[in-house]
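The values are calculated or read from the model by the stated rules, or taken from the named source; none is laboratory data. Here the structure is a predicted model, which means the values were calculated and not measured. Cβ placement follows ideal geometry from the backbone for every residue including glycine, while neighbour counts extend to all protein chains displayed.
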Amino acid sequence: MRTALEHPARIGPRDHLIGAALTAAYVALLLATSSDIGMARDEGFYVEAGESYAGWWRLFLDGDESALEQATIDRYWSVNHEHPSLPKSLFALSWIAEERFHLFANHSAAFRFPGMVLSALSLWLLYLFGARAYSRYVGLFAAAAYALIPTVFYHSHLDCFDGPIVTMLTWVTYLYWRSLTQPRFAILAGVAYGLCLETKHNAWILPLVLLVHFLGFVLPAELASRRVGHRPRVNLRPDWLIAFALLGPPIFVMLWPWLWNDTVQRFGEYAGFHFGHTHYNTQYLGTTYFGEPSPSSFPFVETLFTVPLVIVVLAVLGIAMRFRAMLPPGTLGIWPRGTAVPDVRRTDAMLFGVMLAPMVVLAMPWTPIFGGNKHFLVAFVNLALFAGIAAHRVAVVASTELKQHARAYAPLAAPFVFVLLLAPSIHETEHSHPFGLSHYTWIAGGPPGAADLGMMRQFWGFTTRSLTPWLNANAPEGSRVWLCDTLPTSFEMLHRDELLRRDIHAAYDMASADYAIVHHEEHFNEVDYQIWMTWGSPAPVHVLTYDGVPIISVYANPHR
Amino acid sequence: MLPLACVELVGSLVVRARVPDANDWNVAAEAVASEWQEGDAVTVAPRWADPLLREAMGRALGERFDRSIAGSPGLDGDTRLWAFSIRGHDSPLLGEGTFEHEATYGRVRVERRRLPGRLVLFDFVDKLESASATRGERSCSLTHARASGGGLGAGPVMAASHFSCGGDVIGETVIEDLHFEPRRCISMRPSGMGSVTLRYDDVPLGEALVLHAGLHWVDERHHIEPEHTGAPVMLSVIAGERSLGELTHRDGDGWASYTIAVPEELRGTRQPLSFVVQSEQSHDRSFCWAGRSLGGAP
């Protein structure tokens, strides 16, 4: 295998084939495992939005001119207008395709499919990024390491935006990076940024991060290089930023019909929602947080506890290996040891910055508390790249050793290292399914260790799906279930997907229900106590567990 | 790095292998149920295992396992404590009483401790329906309705039998205290129209009245974060015309215990006792209390 990280081989169609294969394989895996995961709370909202938007798309695709009238647009697009429309439009189009051609195994897969594809495309990007910046081994390892982070695997299933926005942010970063030496990529970067804006508001901070990289690293280095007579290597005009500014907003508005009327006022409403975002209750290291200050260590500890330890350690080693190359221009002297040399695009500094930025934003005490790691999954992309750099080094060392002591086995060194370093990730991801949000890695003591530490158990009420075998087997005909945190739309999807008996219904009044469930999050304890008072008994008839940790308690109404 | 991968892989498998299974809980609960006595209490460590304990104990004890056990306001008067534990945890309640017995069932450990066990002369929550209530000048009527309400953020649910005082109620409930623990108690919100009074006509008095009080967590949390703004709530205990004591709950106290020594001359007598709740603030003051009149050692 190649021993140097710099100056990788030319990337060609074969690499795109590898990227496409990674994407296709991941989508296939996500599709095959999708029905194990119940619809999360937010997915239910996006199904409602997708079905509403589908109504408009049908009119539009049928050439109905009323589709462009404000009354029609508002009728279909007002639903869930706190988030942009691109993913939800894709959910809608996928749903229309399902209605017409019956392409999917069940309804939820139809809504989720675009999210799966958009999420899986990050692997293609990640492979290309790694291969171009460092080596094919780095790219391949990074793609696999990212795909096999348990929470990434979970979120990649959903008809939500958290997987897609990772791909969009990575795509924009990649195109920005390429535009530094090949200005023609700037236009594509502008288009990608528009699509990124149209995917989720995480897009807002990326230009700032890239601008810091451009002004603080790329520009000074290039100017210094030119001053000593080197030929121009980097485009000093920020074409990418101009493209972001010129193409981003129009694409953002163009793809979101709700913004076609009263644009300024409605954009203000959209932005205002996120600037004034509510705090989500989050249990973290024994404390349930309800508001400011947000615990600053949260994103870092959450990363340590949810990303397989080997990948975290590899990433730290990769950062250490490349640290010298991340230093700002003119400061190389403070780290005289080592051989890492910055490239003209200052790739290492960019990746480090893009990795750190969302974590730092979420670590600010005044940032709204969101909980979970879904808001900084993009950090894991870059973390995986640094892990890939260290994995490459391990493979080189192993190969060199084998060449000296068992030459016949030397060619096996790289694949052996690849598989062994990813073995914990494979195991953890396989085991985490379908409890991805409840999973914590070995360093946290697994799910029971995390429960001891007072970490958040779950959110979104999606685990009701894991109860369906019990309900199907035990609930008398016509039973009504009080749902706690599961959205009615999400519960109904269990019927649509034929995972729950049709005669088992949702109940909206606890007292008259036959069963009541409690999704175990610390601040939901009050629901347990309400049930004790309503039905008299504090004893659940069934507790759904994951590695011995309670996920859902089921109470039966003794008076039913 | 390669050894670390092996350690992480094996470590994950070990974590899974050490998980107690449902049978461990059931066998342990059945063993406890076979020796269960009136006055026994139960706890579990870590607290997150509480649903597993309740499932197993409910199965083993049936209707005897009720909310007075699961939502016990304190151990006053209880005679024995069964402390379940897993994963090497120790219940904070293990400091109570003296060790009697320990057994392990699979991966579930059960320790039994003898508690001081003072004689319970009167339980104010259990005997709530024998009391009379007034809110300001207005009498409250004892009503029997279906328990209703429930849902995230909906607050405590009142028992089906409760005192109806116009727009408010006095009744048994289980609140979630500041630390998310269940506390079975009598809900007595202060009134904006004066004091709220609960009167028991015939209470046997012993050495002490042990009271516990707190607010439903949402009300108390809102006022301690970021600053204390909720008004204190006072509970006065009056025997006939004589004040026996008063407790004051301030935000941040959480579920707190108070002991009122009964004057020597009243010990062994039966007295009418009034519990009077007052506060300058009525909204967000979901005050709830529980208590027992205790004698000496049984």
Single condition B:Ala231 does not satisfy, out of (1) in contact (Cβ under 8 Å) with a residue 60 or more places away in the chain; (2) of a type in the set (Gly, Ala, Ser); (3) not in a strand (DSSP E or B): (1)
Is there a residue in segment A:535-547 that is part of a strand (DSSP E or B), more than 8 Å from chain B (Cβ to nearest Cβ) and more than 32 Å from the chain's Cα centre (by Cα)? no
When segment B:64-79 is checked residue by residue, the ones that are more than 7 Å from chain A (Cβ to nearest Cβ) and touching a Gly at 6+ places or on another chain (Cβ under 6 Å) are B:Asp78, B:Thr79
Using the structure shown, decide if A:Phe370 is surrounded by fewer than 20 Cβ atoms within 10 Å (Cβ to Cβ), under 22 Å from A:Met455 (Cβ atoms) and either in contact (Cβ under 8 Å) with a residue 40 or more places away in the chain or of a type in the set (Lys, Arg) (or both). yes
Checking A:Thr263 against (1) of a type outside the set (Lys, Arg); (2) free of Cβ contacts under 8 Å to residues at least 12 places away in the same chain; (3) under 30 Å from A:Gly330 (Cβ atoms), which single condition isn't satisfied? (3)
Of all strands (runs of 3 or more DSSP E) fully inside segment B:141-204, the set with 3 or more residues that are more than 20 Å from B:Glu246 (Cα to Cα) and within 14 Å of another protein chain (Cβ to nearest Cβ) is B:168-176, B:182-188
When every residue in segment A:427-460 that is in contact with a Lys or Arg (Cβ under 9 Å, 6 or more places away or on another chain), more than 10 Å from chain B (Cβ to nearest Cβ) and of a type outside the set (A, V, I, L, M, F, W, C) is compared, the one nearest to A:Ala147 (Cα to Cα) is A:Pro434
Residues that are touching a Ser or Thr at 6+ places or on another chain (Cβ under 9 Å): which helices (runs of 4 or more DSSP H) entirely in segment A:230-311 hold 3 or more of them? A:239-254, A:298-306
If a residue has to be in contact with a Cys (Cβ under 8 Å, 6 or more places away or on another chain) and over 21 Å from B:His179 (Cα atoms) to count, how many in segment B:52-97 make the cut? 0
Has segment B:56-63 got any residue that is more than 14 Å from chain A (Cβ to nearest Cβ), over 22 Å from A:Thr545 (Cα atoms) and of a type outside the set (Phe, Trp, Tyr)? no
I need the helices (runs of 4 or more DSSP H) fully contained in segment A:101-172, keeping only those with at least 1 residues that are over 18 Å from the mean Cα position of the chain (by Cα) and buried (at least 23 other Cβ atoms within 10 Å of the Cβ). A:107-133, A:136-147
Residues in segment B:272-290: is at least one within 30 Å of A:Asn281 (Cα to Cα), surrounded by 17 or more Cβ atoms within 10 Å (Cβ to Cβ), polar (S, T, N, Q) and within 14 Å of chain A (Cβ to nearest Cβ)? yes
Name every residue in segment A:173-185 that is assigned to a helix (DSSP H, G or I) and either at positive phi or surrounded by fewer than 24 Cβ atoms within 10 Å (Cβ to Cβ) (or both), in order of residue number. A:Tyr174, A:Leu175, A:Arg178, A:Phe185
Name the residue that is farthest from B:Ala56 (Cα to Cα), counting only residues in segment A:509-527 that are more than 7 Å from every other protein chain (Cβ to nearest Cβ) and among the acidic types (Asp, Glu). A:Asp509
Out of (1) farther than 30 Å from B:Pro272 by Cβ; (2) surrounded by fewer than 19 Cβ atoms within 10 Å (Cβ to Cβ); (3) of a type in the set (Gly, Ala, Ser), what's the single condition that is false for B:Ala145? (1)
Flagged in segment A:204-225 as touching a residue at least 40 places away in the same chain (Cβ under 8 Å) and within 23 Å of A:Gly115 (Cβ to Cβ), in numbering order, are A:Ile205, A:Leu206
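Residue by residue, here is whether (1) buried (at least 24 other Cβ atoms within 10 Å of the Cβ); (2) in a helix (DSSP H, G or I); (3) assigned by TED's automatic domain parsing to the domain that holds A:Ser78 holds:
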{"site": "A:Leu17", "(1), (2), (3)": "no, yes, yes"}
{"site": "A:Ala24", "(1), (2), (3)": "no, yes, yes"}
{"site": "A:Leu29", "(1), (2), (3)": "no, yes, yes"}
{"site": "A:Thr33", "(1), (2), (3)": "no, yes, yes"}
{"site": "A:Gly38", "(1), (2), (3)": "yes, no, yes"}
{"site": "A:Val47", "(1), (2), (3)": "yes, yes, yes"}
